[in-house]
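The values are calculated or read from the model by the stated rules, or taken from the named source; none is laboratory data. This is a predicted model, so every value here is computed, not measured. Backbone-built Cβ (ideal geometry, glycine too); neighbour counts: all protein chains shown. Side chains are part of the model used for accessible areas, which takes the heavy atoms of the whole protein and leaves out ligands, DNA and RNA. Shrake-Rupley method; radii C 1.70, N 1.55, O 1.52, S 1.80 Å.
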Amino acid sequence: MTHPAPSPPTIPAPQTAPSYDLTRQPWIPVLTHDGRTETVGLTELFLRAHELRDLGLPLPAATTALRRVLAVMTYRIAGLDDPDLPVGRWRRQRRAVMDTGRFDPAAVETYFHRHAAGLHLFGDRPFMQDPRLGDPAVCTSTSGVNKLAVTRPAGNNRAWFGHHFDAAPNRSPRPRR
């Protein structure tokens, strides 16, 4: 009786760090003028802004937070972020952008190319996150997921929008499609 030759040991594939490019990969729900819901990345959001009716986020607090970030990006893409720009020139420049009805595609691509390293969800400097929170020497305690959603009670906060708690979190509502 012959036995098959033993197969060589399998070597696990090297683990790659997770990556999510917020400029290209879809994560922002939007509503189109014809009533459809789509999900876009930051670059597509600005390139197609004239084709979109609104953001499609289900929570007003999330919409407000995202609008604040998008407002800063808008000023930078449109060249309206110079504090030394005289008021009259700023207004003319703003009017020119408004009259065009869309963002300059070259300005959008240039902005997101220039800031691409800071617009990833994971990595050494994750977008709008403090990487030190993952270091047990810096952050000695943990919090529940409810702390990430402003409409949920966390710790000893009052339950305004729902009676959820950290030990049994409910899922956030999803946008209607």
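Of the residues in region 73-124, how many are over 26 Å from the mean Cα position of the chain (by Cα) and open to solvent by less than 40 Å² (accessible area, probe 1.4 Å)?
Of the residues in that region, 2 qualify.
Please list, ordered by first then second residue, the pairs with beta carbon atoms under 8 Å, 6 or more apart or interchain, first in region 100-114 and under 14 Å from Gly79 (Cβ atoms), second open to solvent by 90 Å² or more (accessible area, probe 1.4 Å) and in a helix (DSSP H, G or I).
Going by the 8 Å Cβ cut-off, the qualifying pairs are Tyr111/Arg76.
Hey, among the residues in region 23-51 that are part of a helix (DSSP H, G or I), free of Cβ contacts under 8 Å to residues at least 60 places away in the same chain and among the hydrophobic types (A, V, I, L, M, F, W, C), which one's farthest from Val97 (Cα to Cα)?
Leu45
Looking at Leu47, Leu42 in this structure, which one is within 17 Å of the chain's Cα centre (by Cα), open to solvent by 40 Å² or more (accessible area, probe 1.4 Å) and at negative phi?
Residue meeting the stated conditions: Leu47.
Can Asp54 be described as free of Cβ contacts under 8 Å to residues at least 60 places away in the same chain, open to solvent by 40 Å² or more (accessible area, probe 1.4 Å), in a loop (DSSP other than H, G, I, E, B) and more than 28 Å from Arg125 (Cβ to Cβ)?
So Asp54 does not fit the description; no.
Tally time: how many residues in region 24-37 are open to solvent by less than 40 Å² (accessible area, probe 1.4 Å) and under 27 Å from Ala117 (Cα atoms)?
Count: 3.
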